[in-house]
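Read-outs: derived from the displayed coordinates by stated rules, not from any lab. These numbers come from a predicted model, not from an experiment. Every residue, glycine among them, receives a Cβ derived from its backbone with ideal geometry; neighbour counts consider all protein chains shown.
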Amino acid sequence: MKLYAAPLNFRGIAEEFEVPTDFSPELHTSAAAARDRFAGERADVRDIPLVTIDPVGSQDLDQAVHIERTAVGYRVHYAIADVAAFIEPGSELEAESLRRGQTIYLPDEPARLHPEELSEGSASLLPDVDRPAVLWTFELDPAGEVVDFHVERALVRSHARLNYDGVHADYLAGTMHPSIELLPEVGQLREVSALRRHAINLRLPSQRVRALDDGTFELIVEPRHEVMDWNSEISLLTGMCAGILMVEHGAGLLRTLRPADEEAEDTFRAEARALGYELPQDQEIGEFLQLVDATGPRGMAVMREAQKLLRGSGYADVGKGDAEVHAGIGGHYAHVTAPLRRLVDRFATEYCLALCAGTEIPEWVSARSDEVIEAMQRTSQLASSVNRACLDLTEATVLAPWLGHNFDAVILMTDEERSQARIFLPEPPVLASALGHPAEGTTTKVSLIRADVATRDVAFAWPAD
C-alpha cells in the first residue's frame with residue numbers, strides 16, 4: 001500500500017531507522033558516466049511500440065509493455081530496464097546497491113537503490129529515447145495461458161509515458177492507446193488464471209494525507225483503477241515464467257512464501273465477516289478477494305488484513321535445492337520486473353538470460369547469490385518497519401486533534417482474556433487496537449484515548465465515554 005503524505009515530515013523516521021537518502025558525489029559521478037556494457041549483444045526492437053504505465057510524475061520507469069493479437073491468441077512484449085548493463089561487477093555502484101538492497105519509499109521522498117542518474121536517467125525507460133532493456137516475449141493462448149516465452153537483451157524505445165489516471169480515463173472513454181488496448185482483455189484472462197491457481201492477489205489502494213484549511217489533516221483512500229490490476233498481471237506473468245525457467249534448469253533466485261495456516265485463514269474469515277462481507281467457509285479466499293471493491297475504506301481494510309496471510313516470504317537459491325512455491329501466486333515465482341528499485345531483480349534476470357540462451361551463468365551472478373538474498377531479507381525487514389512507522393505517524397497526526405472524541409468502529413477481533421480488540425474506523429480509515437472486549441462483528445462507539453505524534457502511538461477504549 002502506498003502512502004502519499006507530502007504535508008508531513010518523515011525525516012525523523014529516516015534518521016531513526018538509518019535509511020540512506022543521499023549518495024556520495026563519487027557515486028553520482030560514476031552513475032552519470034556509466035554506459036551500456038552489452039551494447040553489442042542486443043536485438044534491435046525499437047519498432048515495437050512499447051509504452052510505460054506508472055503513477056503520475058514517475059521518472060523511474062522499470063517496465064514497458066505492448067500487446068497484440070495473434071492468430072492463436074496474444075503476444076505480449078514486456079521490456080524491463082537493464083540495470084545490470086550500467087553496473088560493473090566489483091564497482092562501488094554495485095557495492096552500494098548490495099548495501100541498500102532496495103528502494104525504501106518514504107512518503108515524502110524515496111531512499112533510492114541507485115543514484116537518480118541511473119534510476120531516473122540512463123537506465124529508466126523514458127519515452128522517445130533509445131534504452132537498453134531485457135525483453136520478455138510471451139505467446140498466450142485464447143485463455144491467456146502461456147504457450148511459449150523467450151527473454152533476451154534488446155534495444156528498445158518507449159513510444160509513450162502513460163499514467164494510471166489517464167489510462168483509466170481512456171478505458172472508460174474507449175480510447176486506449178493502441179499498444180495496450182488489449183490490456184483489459186489479457187489482464188482479465190490472467191485474473192481468471194490466478195483463480196485456477198488458488199492465488200491470493202492483494203489489491204491495496206493507496207492512502208493520501210490532505211491538509212485542511214484549519215491546520216488539521218484528513219486521511220483518504222485513493223481510488224484503485226482496474227488498469228493497475230491488469231498491469232500487475234503482466235508483471236506476475238513474467239515472474240511466474242522466470243520461476244518456471246529457474247526450476248526447470250535448477251538454477252536461480254526465487255521469491256518464496258509459505259502458505260497461511262488454518263488459524264490465520266479462520267481469523268481472516270472472521271475479520272472479513274465483521275467488515276460486512278460474506279465469506280463462506282467453502283469459498284476460496286483468493287476468489288473472495290478478487291470480488292472485493294478495494295476502492296473504499298472497508299475494501300482497504302480487508303485487503304490490509306489479508307496481508308497477514310502472506311507472512312513468511314523470503315528468497316531462495318534454486319541451485320541449493322530451495323525451490324519453494326510462492327503460496328500467494330500458486331506456483332514458482334521470481335522477482336525480475338523492478339530492477340530499478342530491487343536488487344534481486346538484477347541478479348535473477350541474469351539467471352534467466354543465461355538459462356534461456358543456454359549459456360553459463362555469469363560468475364559475478366552466482367558468486368553473489370547468498371549476499372543478494374541476505375541483502376533482500378535484511379532490507380525487506382527494514383522497509384516493513386519504515387512503512388509501519390510512517391503509517392503510525394500519519395494516523396497519530398491525523399487523529400491528534402480529536403483526542404477524547406468518540407468514533408464509530410467495527411470490531412474485527414476481541415481477546416477477552418487480555419481485554420483488547422482490533423478495530424476498524426471507516427472515518428478516518430484506520431485499523432487500530434482498543435482496550436476492552438466489545439463483541440466481535442459489531443459496530444460500536446470507541447473513544448480515542450491516545451494519539452501521540454512523538455511516539456507514533458494511537459489507542460482507543462471501549463466502552464466509549
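Are there any helices in the chain, counted as whole DSSP H runs, that stretch 27 Å or more along their axis by Cα and score at least 0.0 on average by Kyte-Doolittle, and if so which? Flagged H segments are 226-249, 369-399. When +1 charges are put on Lys and Arg Cβ atoms and -1 charges on Asp and Glu Cβ atoms, the dipole computed for segment 403-465 relative to its Cα centre reaches about 120 debye.
Computed 3J(HN,Hα) for segment 38-45, one whole-Hz value per residue from the Karplus formula 6.51 cos²θ - 1.76 cosθ + 1.60 where θ = phi - 60°, is 10, 4, x, 10, 9, 6, 8, 10, glycine and proline marked x. Along the Cα-to-Cβ line of T443, 7 Å from the Cα, sits a label point; which residues in segment 280-302 have backbone N less than 14 Å from it? From segment 280-302, the list is 297-299. The phi-based Karplus calculation (6.51 cos²θ - 1.76 cosθ + 1.60; θ = phi - 60°) puts the 3J(HN,Hα) values of segment 436-452 at x, 9, x, 5, 4, x, 9, 10, 8, 8, 10, 9, 7, 9, 7, 8, 9 Hz, whole numbers, x for Gly and Pro.
The label point for H198 and the one for E262, both projected 7 Å from the Cα toward the Cβ, are 1.4 nm apart. Peptides 361-370, 70-79, ordered by how many other C-beta atoms sit within 10 Å of their residues on average, highest first, read 70-79, 361-370.
Counting only Cβ charges, +1 for Lys and Arg and -1 for Asp and Glu, the dipole size of segment 248-402 around its Cα centre is about 580 debye. Simple point charges give the picture: +1 on the Cβ of Lys and Arg, -1 on the Cβ of Asp and Glu, and for the chain a dipole about the Cα centre of about 140 debye. When each of the peptides 109-119, 378-388 is scored by how many other beta carbons lie within 10 Å of its residues on average, the order from highest to lowest is 109-119, 378-388. Per-residue 3J(HN,Hα) values for segment 427-432, derived from phi via the Karplus relation 6.51 cos²θ - 1.76 cosθ + 1.60 with θ = phi - 60°, read 9, x, x, 9, 9, 8 Hz in sequence order (x marks Gly and Pro). Stretched out straight at 0.36 nm per residue, the stretch from E181 to D22 would grow longer than its current Cα-Cα span by 53.3 nm.
Across the options A354, G243, L140, the greatest Cα extent toward the positive end of the charge dipole of the chain (unit charges at beta carbon of Lys, Arg, Asp, Glu) belongs to L140. Under a 5 Å amide H cut-off, with hydrogens placed 1.01 Å from N, L126 pairs with nothing among residues at least 5 apart or on other chains. Net length available on complete extension from D457 to I244 is 72.3 nm, with 0.36 nm assigned per residue and the Cα-Cα distance removed.
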